[in-house]
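Asks: First the structure, then my questions, so here it is.
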């Protein structure tokens, strides 16, 4: 290890979260490299979240990361990890790091790596031994990590976290998962290159209220209950809003993304909403941001109650009012204050929230501005400061070892 200059390896980029973190850390002067796992979808690769032709940090595609190939790839992973002094990871990173005889300095989970990867479960027999071995290493890798950056969630999911029997330091902030700097600087200049620019312009000019939901459509298929989004509640709430109000110049913008797209389309047809709904193909994050900018309000997850996740932070960063499900009582001790939003977990709540936005857009815009300030403080400044402190503490410890 080089004890004079810490080299940071950021392992994995699920949901584009870690490319954002890497850029923030690079801006602070840290020597970072981002390793892209071989099982991560193309729309979660760095090109999907930047307008720059050249990345400002080293990005490497590695041929490991997939739990299905853990047994074949762990030796190669160990060799790649040797280049780094400080390891930040997600996904199966704790398992690969543990198998390499290392400790992951900061684990920043996204979900499945907490509730599924550390526990044995049945898969195709060809992959079974790899998954079981990965799970054994994943659980021990997580437990040995001195720090986990993982925001407070909800009572149900925090029970899952308790199953890990983690005894280290849980930092209850979200990771800096959205690099707002680039969109603040470049979105206006880049918007005409967006493949949906003309259609969005027309929608904006022709409608008084644009409602956006850009999460996956998962509300019927319970194969993985933690992925449930409650999209049907939005459809029913939007239908109720149209029934209760005279406003007709309105559109709901949705994306063909998720297991239940066809079920959502069927529900829309049953409720005779087709003329008020516009579908778009699954899109890159850099293209999605123009949809948020053009919309009057964004709707997030409605099934489980969450505080911070990608769609929430994207919305806050764009200073837009937000409708989603959040358990404020459970989060009362997590932050000095929570960002303002419209609480909704039922069609009735969604209808009332949409009426509030439609009737008082100035108040809704003010809500968005307050959300942006909260995002800057608790989703960028605080977590970056805490991550920096961890890196510098290890650097001092390594220097102390050298001088001793």
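The values are calculated or read from the model by the stated rules, or taken from the named source; none is laboratory data. All figures in this text were calculated on a predicted structure; none of them were measured in a lab. Backbone-built Cβ (ideal geometry, glycine too); neighbour counts: all protein chains shown.
Asks: Could you list all residues from the range 1-20 that are buried (at least 18 other Cβ atoms within 10 Å of the Cβ) and under 24 Å from residue 79 (Cα atoms)?
Replies: Within the range 1-20, 6, 8, 9, 10, 11, 12, 13, 14, 18, 19 qualify.
Asks: Still on this model: Could you run through the range 101-130 and say how many residues are surrounded by 23 or more Cβ atoms within 10 Å (Cβ to Cβ), touching a helix residue (DSSP H, G or I) at 6+ places or on another chain (Cβ under 7 Å) and in a helix (DSSP H, G or I)?
Replies: Number satisfying all stated conditions: 1.
Asks: Residue 76 passes all but one of (1) farther than 28 Å from residue 394 by Cα; (2) surrounded by fewer than 20 Cβ atoms within 10 Å (Cβ to Cβ); which number fails?
Replies: (1)
Asks: Let me ask you something else. Tell me whether the range 302-315 contains one or more residues that are buried (at least 21 other Cβ atoms within 10 Å of the Cβ), in contact with a helix residue (DSSP H, G or I) (Cβ under 8 Å, 6 or more places away or on another chain), in contact (Cβ under 8 Å) with a residue 60 or more places away in the chain and under 25 Å from residue 198 (Cβ atoms).
Replies: yes
Asks: OK, next. Is there any pair with a first residue in the range 12-25 that is on the phi > 0 side of the Ramachandran plot and in contact (Cβ under 8 Å) with a residue 60 or more places away in the chain and a second that is part of a helix (DSSP H, G or I) and surrounded by fewer than 24 Cβ atoms within 10 Å (Cβ to Cβ) whose Cβ atoms are under 7 Å apart and which are 6 or more apart or on different chains, and what are they?
Replies: As it stands, the answer is 15/44; 15/310; 16/44; 16/48; 16/285, since those pairs meet every condition given.
Asks: If I filter the range 126-184 down to residues being closer than 30 Å to residue 286 by Cβ and free of Cβ contacts under 8 Å to residues at least 60 places away in the same chain, which single residue comes out as nearest to the chain's Cα centre (by Cα)?
Replies: Ranking the candidates gives 150 first.
Asks: Something else about it: Since residue 388 meets every condition but one in (1) closer than 28 Å to residue 183 by Cα; (2) in the same structural domain as residue 231 (by TED's automatic domain parsing), which condition does it not meet?
Replies: (2)
Asks: Look at residue 291 and say whether it is surrounded by fewer than 24 Cβ atoms within 10 Å (Cβ to Cβ), closer than 19 Å to residue 216 by Cβ and over 15 Å from the mean Cα position of the chain (by Cα).
Replies: yes
Asks: Those residues that are over 22 Å from the mean Cα position of the chain (by Cα) and without any contact (Cβ under 8 Å) to a residue 60 or more places away in the chain, I need them from the range 205-219; list them, please.
Replies: Within the range 205-219, 205, 206, 207 qualify.
Asks: May I pose another question? Does residue 237 satisfy being within 20 Å of the chain's Cα centre (by Cα) and in contact (Cβ under 8 Å) with a residue 12 or more places away in the chain?
Replies: It is false that residue 237 is within 20 Å of the chain's Cα centre (by Cα) and in contact (Cβ under 8 Å) with a residue 12 or more places away in the chain.
Asks: So is residue 86 within 25 Å of the chain's Cα centre (by Cα), in the same structural domain as residue 133 (by TED's automatic domain parsing), farther than 15 Å from residue 34 by Cα and at pLDDT 95 or above or not?
Replies: No; evaluated as a whole, the condition is false for this residue.
Asks: If you check residue 65 against the conditions, is it free of Cβ contacts under 8 Å to residues at least 60 places away in the same chain, in the same structural domain as residue 164 (by TED's automatic domain parsing) and at positive phi?
Replies: yes
Asks: Does the range 309-322 include one or more residues that are more than 23 Å from residue 188 (Cα to Cα), out of contact with any strand residue (DSSP E or B) (no Cβ under 8 Å at 6 or more places or on another chain) and not in a helix (DSSP H, G or I)?
Replies: Looking for residues that are more than 23 Å from residue 188 (Cα to Cα), out of contact with any strand residue (DSSP E or B) (no Cβ under 8 Å at 6 or more places or on another chain) and not in a helix (DSSP H, G or I), one finds at least one in the range 309-322, hence yes.
Asks: Look through the range 336-345, keep the residues that are in contact with a helix residue (DSSP H, G or I) (Cβ under 6 Å, 6 or more places away or on another chain) and in a loop (DSSP other than H, G, I, E, B), and return whichever of them is farthest from residue 187 (Cα to Cα).
Replies: Looking at the filtered set, the residue picked out is 344.
Asks: Helices (runs of 4 or more DSSP H) wholly in the range 177-292 with at least 1 residues that are out of contact with any helix residue (DSSP H, G or I) (no Cβ under 9 Å at 6 or more places or on another chain) - which ones?
Replies: Fully inside the range 177-292 and qualifying: 180-190, 197-206, 261-270.
Asks: Picking from 333, 348, which residue would you name as being surrounded by fewer than 21 Cβ atoms within 10 Å (Cβ to Cβ) and without any contact (Cβ under 8 Å) to a residue 24 or more places away in the chain?
Replies: 333
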